[in-house]
Each structure stands twice: as C-alpha cells, then as structure tokens.
Amino acid sequence: MIENVCLPVTINSLITSASFTVNLINQKYKYGFIRLLMGIIYTLFLYLLCKYDYNKMAWFFLIIPIIITLVYTILLVTIFNKMDDKLEELNRI
C-alpha cells in the first residue's frame with residue numbers, strides 16, 4: 001500500500017510529521033495533537049483523491065495552502081518593515 005501512494009500524500013505526510021515534531025519539541029502538546037489529527041484527515045482526503053485518479057486535484061489541494069501561507073508571510077514581513085520605517089521616522093522627530 002505504501003509504495004502505491006502518490007507524491008502529494010507523501011509530501012503532506014512529511015509536512016504533518018515535521019509540524020507535529022516541532023510542536024512536541026516546543027512542548028505545545030495540545031496544539032501538536034490537533035495539528036496531527038487535522039493532518040491525518042487532510043492526508044486521507046489527498047489519498048482518496050489520488051485513489052480515484054484525481055492527481056491534479058490532489059496537487060492543487062496540496063499547493064494552495066502553501067501558496068497562501070507564503071503570501072501571508074510576505075505581506076506580514078512587508079507590513080512590519082514599513083511599520084519599522086514609520087517608527088524610525090517618528091523617533092527622529
């Protein structure tokens with residue numbers, strides 16, 4: 001069964017495992033187990049998509065959350081950099 005798993009399922013399993021491990025290291029057990037449960041459900045969803053030959057949909061559902069996270073991160077970094085610039089201007093006055 002494991003050798004027949006499509007790549008989106010494998011990638012999502014690795015991301016879920018890494019997230020769970022980081023949460024355990026940071027002693028955020030409750031959050032870690034919730035993330036693990038959600039990751040398992042999402043991995044099963046991707047597995048079912050692949051099983052019924054919807055591989056492109058599985059890739060879509062894998063990549064979209066990653067893209068959204070990257071966009072949010074870029075926006076936050078940009079906003080905080082602009083806020084720092086404005087604070088420096090205010091401190092000069």
Problem - region 47-89: radius of gyration and largest Cα-Cα distance (Dmax), Å - result: 18.0, 58
Completion exercise
Charge dipole of the chain built from unit charges on the beta carbon (Lys, Arg +1; Asp, Glu -1), centred at mean Cα; most positive-end Cα among ASN81, LEU44, ASN91 is LEU44
Completion exercise
Rg/Rh of the chain (Cα atoms, Kirkwood Rh), to two decimals, equals 1.20
Fill in the blank from the handout: Length gained, LYS51-ILE79, 0.36 nm per residue minus C-alpha separation, equals 5.9 nm
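Can you pull the percent of the chain's accessible area that's carbon plus sulfur, 1.4 Å probe, other chains left in place? Walk me through the numbers on the way to the answer.
Details: 5500 of 7750 Å².
Roughly 71 percent, rounded to a whole number.
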Exercise for the section: Determine the per residue accessible area of the chain with all protein chains present and a 1.4 angstrom probe, expressed in square angstrom. Expected result: 83
Practice task
Rounding to the nearest 20 debye, state how big the charge dipole of the chain is about its Cα centre with +1 on each Lys and Arg Cβ and -1 on each Asp and Glu Cβ.
Solution key: 240
Completion exercise
Per the helix-only model, the chain has a calculated mean residue ellipticity at 222 nm (DSSP H runs of ≥4, -39500 (n - 2.57) each, divided over all residues, rounded to the nearest 500) of -30500 deg cm²/dmol
Practice task
Treat each spin label as a single point 7 Å out from the Cα along the C-beta direction, and report the ILE64 to THR21 distance in nm.
Solution key: 2.9
Problem - J(HN,Hα) series, region 21-26, from Karplus relation 6.51 cos²θ - 1.76 cosθ + 1.60, nearest Hz, glycine and proline x - result: 5, 4, 5, 5, 4, 7
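The values are calculated or read from the model by the stated rules, or taken from the named source; none is laboratory data. Quick caveat: nothing in here was measured; it's all calculated off a predicted structure. No Cβ is skipped: glycine too gets one built from the backbone with ideal geometry, and neighbour counts run over all protein chains shown. Heavy atoms of the whole protein, side chains included, go into the accessibility calculation; ligands, DNA and RNA do not. Shrake-Rupley method; radii C 1.70, N 1.55, O 1.52, S 1.80 Å.
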